[in-house]
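Quick notes on the structure that follows.
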Amino acid sequence: MMEKPALDSSEESTWLGEGQSEVQLATSPDPTEPNEEDRPAWDSKIQYVLAQVGFSVGLGNVWRFPYLCHQNGGGAFMLLYVFLLLIVGVPLFFMELAAGQNIRQGSIGVWKHISPKLVGIGYSSCVVCFYVALYYNVIIAWSIFYLGNSFQYPLPWEQCPIDAGTNETVKECASSSPTQYFWFRKALNITNSIEESGEFNPIMTGCLLAAWAIVSLAMIKGIKSSARVMYFSSVFPYVVLFIFLIRGMLLDGAIDGITYMFYPKLEIWGNVQVWRQAATQVFFALGLGYGSVIAYSSYNPVHNNCHRDALMVSGINFMTSVLASLVVFVVLGFRAKNIALRCVAENLGVLNLMSSNGSSHRWWPSFNVTDPSSVSLSEYRQWYHELGSTLGPQLTDCNLEEEMNKGVEGTGLAFIAFTEVMALFPASPFWSTLFFLMLLNLGLSTMFGTMQGILTPLMDNFKLLGRHRTLLTVFSCALGFIIGLLFTQRSGNYFVMMFDDYSATLPLVIVVIFETISVAWVYGTDRFLDDIELMLKWRPPVVYKYLWKYVCLLAMVGLLAASLLRMVFKGPTYTAWNQTAASEMTLAYPGWALAMIVILIVFASLPVPIGYIHSVLKSRSALDIPPQEGPGPEVHRELYTKCNSTDQLDSNSHPAPCEEDGVRPRTSFLPVGNEQYRLLPQQEEEEGEEEEEEDTGV
């Protein structure tokens, strides 16, 4: 079968550079790369799947996806999400899995293997992974703090504390709620804005140290140690989610919450911002661009079915998001019903007061106003719309849907809304412990993948670091803790929001755009599919060719443009807690914070152009070296081509080319399986020699 030559177009040759084409990379092992025989491997397929699922299923599935469904049309948003997952998420996820498994390197080695000019993509991924690790471990530290406070009854956030000086309820708590007061004042002791740094929070500093110690100990032996932890950290959250779902379905208001979640509002499909949010969620849910997917798949056997893995992990990720959304909406429905019933009780108290003052009884309701528990929400609302609304602002409408419309996401969902609901459960410490233990495990499994996205590329690309795995792991965690002290100040939560909103989003989209360009346009989709065919023993559908070349690339460029436009026109803002008003307010970042945001984005994106420029200058300097003058000894060039081990010759046989005469052997994307090299006689024409010289850099 005739196979196409390697990058015979001048344009692609320019990209890959003279003397450093992928032909050379495929046939000449890099001395800096570790020996394949020494490379760790997964003990079993289930271990690998749990690691990938644990990394991709994180806190965002629990507190970001449900919020987006809540705000953007419920069932309609889910349909849009599934559509984008199929045409953008799965193809890009499959691309990263195939590249990592084929080349058996981390993110730096993979893109350097395709072309040295693309090595900056891997370094950008490492920088973004480090950004994410810095603030993600702070969230784990918060979970540890709440977990520690769950072992007491009653829970410390069930009631407002009493001011010892005045013997009254603390004003900040009375003006907000016990859960908000505990979160902002007891846990974070937060300042009024990012400009007021405040001192370090000693308790949170200790929790952050504990979080980094757990990560360091779990990863100190590489995937051999972290994979064992994954058996628990990846499975336990599902057990807890199912327990909460079963318990939640028994709560009053659960059905209202689920109905609200699945009711489709198809008009949202015409909103560009909804498409942007859905694409962003697909992007981050699968962990694209971090390099962790590549790192994990690089420890797989070469012939592992990574296409099936891509479909399976993506499906599990989506179903986990749906499961988490069910739990969240069941709990929020119960919370909204309780708030609405409290509203009814307060209004009935006002009615009793008005009755005792001799007010007219023409509007008196038919239900028993002295027993609020006997009055249903529907009865009160019906009376209010008929007569109660004429009584002035003293009485209010207790609308369940309005309470459901008050969307809660992120830390507000986990540390305020959920803690409020769990305080209402019987045996509340048990449920609180279970919930925060789940958050801790969700965070840790994602954290392991994020750190693997940093450590694996560095150890693969630098022999010295590869020989000192333990030291590198401990040093990285220690450095993360030291820099992470920024987030344990009283203003630390504002920096967590800054990093979460701006440090990773734009750089990761840029990384994935260049990844797609490098595979689809530089290396070539046909050649990439050929290599996957060699690896899987079957050829993936041709639709991937067009998805990679056009659909995924255009979608990522569109997402980048939409994110930039939103940042420019809306302006970066953050939500601050005002102690005096005991409420949240939206503030604009000061000038120095805006400069910090720009520096974070630029620093993470800079390795891509720097890697390209460095490679160009290096190749030019190599070309500028003058050739040796004078007659020298004749150099007998020996050309080699790759053959499978099954094609080896007997020691007594004469060497013969593996391919048909006249057909230039094609070098695959990566040495697949056991390969041997054969010495070819110099019987080619001068023209063929020149072509080989150009491609191999001789």
Here's a check for you: in region 133-162, which residue that is closer than 19 Å to ILE190 by Cβ and not in a helix (DSSP H, G or I) is least open to solvent (accessible area, probe 1.4 Å)?
TRP157
Test ILE87 against the criterion of being β-branched (Val, Ile, Thr) and open to solvent by less than 10 Å² (accessible area, probe 1.4 Å), and give yes or no.
no
If you take the residues in region 574-588 that are in contact with an Asp or Glu (Cβ under 9 Å, 6 or more places away or on another chain), open to solvent by less than 80 Å² (accessible area, probe 1.4 Å) and among the hydroxyl-bearing types (Ser, Thr, Tyr), which one is farthest from GLU172 (Cα to Cα)?
TYR574
Residues of region 40-63 being part of a loop (DSSP other than H, G, I, E, B) and buried (at least 22 other Cβ atoms within 10 Å of the Cβ), which ones?
VAL57, GLY58
Please verify whether LEU208 is over 22 Å from the mean Cα position of the chain (by Cα) and modelled with pLDDT of 90 or more, treating the condition exactly as stated.
no
Answer yes if at least one residue in region 207-226 is farther than 17 Å from ALA141 by Cβ and open to solvent by 80 Å² or more (accessible area, probe 1.4 Å), and no otherwise.
yes
Of the conditions (1) part of a helix (DSSP H, G or I); (2) on the phi > 0 side of the Ramachandran plot, GLY287 fails just one. Which one is it?
(1)
Where a residue in region 333-348 is among the small types (Gly, Ala, Ser) and surrounded by fewer than 19 Cβ atoms within 10 Å (Cβ to Cβ) and its partner, wherever it lies, is in a helix (DSSP H, G or I) and at pLDDT below 80, with Cβ under 9 Å and at least six apart:
ALA345/PRO372; ALA345/SER373
Checking ILE268 against (1) under 30 Å from VAL551 (Cα atoms); (2) over 24 Å from the mean Cα position of the chain (by Cα); (3) touching a residue at least 60 places away in the same chain (Cβ under 8 Å); (4) open to solvent by 40 Å² or more (accessible area, probe 1.4 Å): exactly one of these is not met. Which one?
(4)
Is it fair to say LEU250 is under 30 Å from MET422 (Cβ atoms), over 20 Å from the mean Cα position of the chain (by Cα) and loosely packed, with under 15 Cβ neighbours inside 10 Å?
yes
Selected residue [within 30 Å of GLY466 (Cα to Cα) and assigned to a helix (DSSP H, G or I)] from LEU208, LEU245, LEU241:
LEU208
Restricted to region 550-579, and to residues that are touching a residue at least 24 places away in the same chain (Cβ under 8 Å) and not in a helix (DSSP H, G or I), which residue is nearest to PHE93 (Cα to Cα)?
PRO572
For region 491-531, give me each residue that is charged (D, E, K, R), modelled with pLDDT of 90 or more and open to solvent by 30 Å² or more (accessible area, probe 1.4 Å).
ASP526
Subset of region 300-325 (residues that are buried (at least 22 other Cβ atoms within 10 Å of the Cβ) and touching a Pro at 6+ places or on another chain (Cβ under 9 Å)):
ALA310, THR320, SER321, ALA324, SER325
Quick check on this structure: which one of HIS307, HIS303 is on the phi < 0 side of the Ramachandran plot, assigned to a loop (DSSP other than H, G, I, E, B) and modelled with pLDDT of 75 or more?
HIS303
Test LEU600 against the criterion of being in contact (Cβ under 8 Å) with a residue 60 or more places away in the chain, in contact with a Phe, Trp or Tyr (Cβ under 9 Å, 6 or more places away or on another chain) and either on the phi < 0 side of the Ramachandran plot or surrounded by 12 or more Cβ atoms within 10 Å (Cβ to Cβ) (or both), and give yes or no.
yes
Taking the condition of being open to solvent by 40 Å² or more (accessible area, probe 1.4 Å), of a type in the set (A, V, I, L, M, F, W, C) and at pLDDT 70 or above, how many residues in region 351-391 meet it?
1
Has region 170-185 got any residue that is acidic (Asp, Glu), in a helix (DSSP H, G or I) and over 30 Å from PHE514 (Cβ atoms)?
yes
Any idea which residue in region 444-484 is nearest to TYR131 (Cα to Cα), counting only those that are touching a helix residue (DSSP H, G or I) at 6+ places or on another chain (Cβ under 7 Å) and open to solvent by 50 Å² or more (accessible area, probe 1.4 Å)?
ILE483
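The values are calculated or read from the model by the stated rules, or taken from the named source; none is laboratory data. In this text, all values refer to a predicted model and were calculated from it rather than measured experimentally. Using ideal geometry, Cβ is built from the backbone for each residue, glycine included, and neighbour counts are taken over all protein chains shown. Surface areas here come from the heavy atoms of the whole protein model, side chains and all, with no ligands, DNA or RNA. Shrake-Rupley method; radii C 1.70, N 1.55, O 1.52, S 1.80 Å.
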